[in-house]
Each structure stands twice: as structure tokens, then as C-alpha cells.
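K.L.:
Before we start, here is the structure in question, set down as C-alpha cells.
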Amino acid sequence: MWRFLVTAVEPFIAPVDELPADEAIRRHVDEAARAIGLESDVGEVLDSSYREISVQVPLRRDDGSLLVARGYRVQHNGARGPYKGGLRFHPDVDLTEVRALASLMTWKAALLDLPFGGAKGALRVDPGELSDRELQALTRRFAISISHVMGVYRDIPAPDVGTNAQVMAWFMDAFSSRHGYSPASVTGKPVDLGGAPGREAATGRGLVYMLEAAARRWGWDLTDRRMVVQGFGNVGSWVARELDALGARVIAVSDVSGAMLNDNGLDIPRLVQTVNAGGRVTDADISYVKLSHDELLTLECDVLVPAALGDCITSANARNIQASVVLEGANHPVTPQADAELAERGITVIPDILANGGGVTGSYFEWTQNIQQFTWTENRFNAELRERLDRVFDEVASYVEQRECTYRQAAYAIALERVVRAIQLRGYV
Ligand SMILES: NC(=O)c1ccc[n+]([C@@H]2O[C@H](COP(=O)([O-])OP(=O)(O)OC[C@H]3O[C@@H](n4cnc5c(N)ncnc54)[C@H](O)[C@@H]3O)[C@@H](O)[C@H]2O)c1
């Protein structure tokens, strides 16, 4: 059984001059509203969430003590389809962060032209401190507590930080016990339970597909390019594997246990082996120099992939970033102030709602296959994923070239137009 390792280091804390996450996303949306000349007051609907649920999730622990966790599900906007978004289990998560992440999902799904609205859920708990029985009991209790607003055509969760296919299986089983067998009520499930072959790798693989699309457009050869990946969980480990397979040089990676560098390129298959066996990256018996978490972010490299938590590139370290490109694997890893500073310094940022969109696209494939009770092969899954992501990247890149704006500004402008159109067509306001 896997174990989660989430709390061994301090969480990233944005400097006080930075905006809270939900306001930061709102700032991006406001900027997009100005860019597309949104004159209607429909934008006001998007300033807040449609529904925010906060529930108490009690658990009798193995040692007899009582744990009372707090669970959240935020549904931001459902104009384009059922709500969709991950479930995060983390001790530092709060409603403000969940609200921000739910809104990001609205923009991501719209940008990728998927028939979903945006949502996010979280349980404020450290999964690494729980036994398997405790984790299962807590997941089931949480699922039942919010099941009245969940469902195949209502709201469909997926894995995120601190959750995985096994957690999704428990969630699906608890939901199904109330509503009848519903594999399409959750995505990112184990393949033996209706999970789509390819979904587990889809976010990390999708990031690399996006980078390849960018490389073709910019005339870059990715062979031997210096890559740095922060976070070595689902997203980070798959990014590193795919970059390594492409012939790029992954010189540094990190997880909660620390950061490591080898200028000649790290032995990624050995690292993956270590982590899959339940270890941390720094346990791997490979040649490396140990770095601090901050040093990893400021290494000189071609591409920096933050793939851990949000708010890691802020006004405190943006001026020290030495990457040519920041490819956002994590959600909201760059604060608005840092974003402006990176843009000024000529560093290209491929934003979360574009870069890590392979995850929700893979979830869309899984959901549709569950509804049709039909399974694609992994090859077909990957081919369809690449085709969709290439198309979306090209759309955003064309917008950037025509308007001379950043990738983030272009991505938000395209997404906002789609969501506003859906709100108006449905006569919501
Ligand atoms: N899983 C998905 O499909 C998906 C989809 C889109 C976006 N994301 C985003 O990607 C990010 C990572 O998600 P995941 O599913 O890989 O989570 P995960 O729990 O599988 O992995 C998180 C990784 O980050 C590491 N980490 C935590 N704090 C760190 C720190 N301070 N420094 C360095 N490493 C640290 C952990 O050790 C772990 O290796 C999150 O921001 C998530 O919202 C995930």
C-alpha cells in the first residue's frame, strides 16, 4: 500500500504583500475581462462560487482517540456542464484555497473545451499520519457527507495532492452505496474498477505533450535541455519520466524529503523505482548533490516544472528564477506579482490551466468511457490526449502572437469568453 508524504517540510507561504489565492485568480479573470472587452455584468456571477460546502468529518482512530477533520467541496460555476475537480487531502488546506482551486477548474475546463464546470474538494488532514483503515473510514464518511451534491451529471471528483486511485475507489463505493453503482461518479479510479488506462499518467504526460507542442512552435530541440522538476508525486514523477524518455536532461528533482541535483542528469528510472516502493527521492541510491528547496527553484535551466503545491514562486524569489520557461504542473504555483516579474524578465510561463490540463482531459475520457461502458486502449487514450492538447496549445499560442500578451492572459481570455457565452445562452442571468 502506498503512503502519503506531505508534511515533512514547511508549506510554501506567500509573502504578506501577495494576494490570497482566490483573489489572485480573480485578478487574472478581471484582467481577461478587460482584454475581451466584457461589458456585461455577467462577470459578477463569476466573482464568487455557486456553492460552498464545509462539513465535519469525525473519525474514531485506531488508538481510540477522536479526530474531527474539516471537509470542503466548492462548486464554482457549472454553466458548461457538471462540476469537475480534484479532492485534496492536506493538513494546511483551507476554504480560501479550495475556492481558488475550484475557480481555476472552471477556467481550465473551458479552455480545454470540455463539457464541465469547475469544482474542488479537500479534507484538512495529513493522510501520511493515518492507517489504511483510518484513511478509508474518513474518505467514506466525507463522501457520504457531500454525496447529495455529487454525481455523474452533478459533480465528479478526481485525485489531487494526498489522494490517489485507491481513495477514488473508496469514494466511488461510498457514493454508490447511496445512489446505485456509479463508476462515472469519480475519475482517476484503479483500472480494475473502470479507471481509464492512461489516466494516472495523463497530467504529467500532458505537461510534456504541451512542452513538445511549444518546442515545435518555438523551433526548440528538447534533446539534452536542462529540466528541473519540483515535487515527485503523481504529476512530478510522470513529468520526469516522460522528459527523460524524450532525451531531455532532468538535472534536479525534489519532494518533501529534500531536493537533489546531478548536472549530468539524474537516474530517473531508479528514482521512480524508489518512490514506487514507498521511499522518498533522497533515499535513492544514485549519484547526486543535496540542495535546499529554495535552491532547486533558482537553478539555471531551460524548463522549471513546479509540480508540488501552490504559491512557490512569489515576489520573494521571482527575481532569482533562472529558467527560460516555467511550465506550471501544480495549480497556482506562481503568484500574480511573481508572474508580472517573470514576464518583465522575459521568462515564459505556461500557465496551470493550460499546462496541466492533461489531467482533467484524461478524466473526461474516463468519464465518457464509463458512461458508455467501453474502454479505450492506452495508446488510443494517449493519441487523443495529444491531439486535444496540441490543438489547445496552438489556439493559445496564436492568441499570444496576435495580441502580444502572456500565455496566462491568452488562456484566461479564451476561457472567460466561453464561460460567459454559456451563462448567457442558458439564460442564467
Ligand atoms: N493529480 C492530478 O491529476 C493533477 C492534475 C492537475 C494539477 N495537479 C496539481 O499538481 C500538483 C501536484 O499534485 P499530485 O497529484 O502530483 O500530488 P501528490 O500528492 O501525488 O504529489 C505531491 C508531491 O509534492 C511533494 N511536495 C510537497 N511539498 C513539497 C515541497 N515543499 N517541496 C518539494 N516537494 C514537495 C510531495 O513530496 C510529493 O512528491 C498539485 O498542485 C495539484 O493540484 C494534479
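K.L.:
Largest first, what is the accessible-area ranking of ARG34, ARG225, ARG154 with a 1.4 Å probe?
P.N.:
Putting ARG34, ARG225, ARG154 in descending order of accessible area: ARG34, ARG154, ARG225.
K.L.:
Where the centroid of each part is defined by its Cα atoms, how far is the range 246-289 from the range 177-234 in Å?
P.N.:
If you average the Cα positions of each part, the centres end up 19 Å apart.
K.L.:
I'd like the projected area of the chain, averaged over all directions, using the convex hull of its alpha carbons. Report it in nm² with one decimal.
P.N.:
Numbers: hull surface 78.3 nm².
The Cα convex hull of the chain, projected and averaged over all directions, gives 19.6 nm².
K.L.:
Sort GLU52, GLU18, GLU401 from largest to smallest accessible area, using a 1.4 Å probe on the heavy atoms of the protein chains. Don't jump to the answer; show the numbers that get you there.
P.N.:
Numbers: GLU52 75, GLU18 20, GLU401 105 Å².
Ranked list, largest accessible area first: GLU401, GLU52, GLU18.
K.L.:
For the chain, please report how many Lys pairs fall under 25 Å Cα to Cα, leaving out neighbours fewer than 8 apart on the same chain.
P.N.:
For the chain, the number of qualifying lysine pairs is 6.
K.L.:
Right, here's the next one. Quick check on packing: order 280-286, 235-241 by the mean number of other C-beta atoms within 10 Å, highest mean leading.
P.N.:
Working: 280-286: 16.9, 235-241: 25.9.
Final packing ranking: 235-241, 280-286.
K.L.:
Select from the chain the helices, each a whole stretch of DSSP H, whose alpha-carbon atoms run 15 Å or more along the helix axis and whose Kyte-Doolittle mean is at least 0.5; answer none if there are none.
P.N.:
Values: long enough: 21-35 (21 Å, -0.87); 95-111 (24 Å, 0.79); 132-146 (21 Å, -0.17); 165-179 (20 Å, 0.12); 199-218 (29 Å, -0.30); 234-246 (18 Å, 0.19); 358-372 (21 Å, -0.54); 378-403 (37 Å, -1.16); 407-425 (27 Å, 0.39).
Once both thresholds are applied, what remains is 95-111.
K.L.:
Set the Förster radius R0 to 41 Å, insert the Cβ-Cβ distance between ARG51 and ALA383 as r into 1/(1 + (r/R0)^6), and round the FRET efficiency to 0.05. Present the calculation step by step, with values, prior to reporting the outcome.
P.N.:
Values: r = 37 Å, r/R0 = 0.89.
FRET efficiency, ARG51 to ALA383: 0.65.
K.L.:
Something else about it: What's the center-to-center distance, using Cα atoms, between the range 369-429 and the range 341-363 in Å?
P.N.:
The two parts, judged by their Cα centres, are 13 Å apart.
K.L.:
Also: Against the 2.2 N^0.38 Å scaling, with N counting residues, where does the range 205-321 land? I'd like the Cα-based Rg ratio to two decimal places.
P.N.:
On the way: Rg = 13.5 Å, N = 117, 2.2 N^0.38 = 13.4 Å.
Cα-based Rg divided by the globular estimate yields 1.00.
The values are calculated or read from the model by the stated rules, or taken from the named source; none is laboratory data. If you're wondering where the values come from, they're calculated on a predicted model, not measured in any experiment. Ideal geometry is used to build each Cβ from the backbone, glycine not excepted, and the neighbour counts take in all protein chains shown. Heavy atoms of the whole protein, side chains included, go into the accessibility calculation; ligands, DNA and RNA do not. Shrake-Rupley method; radii C 1.70, N 1.55, O 1.52, S 1.80 Å.
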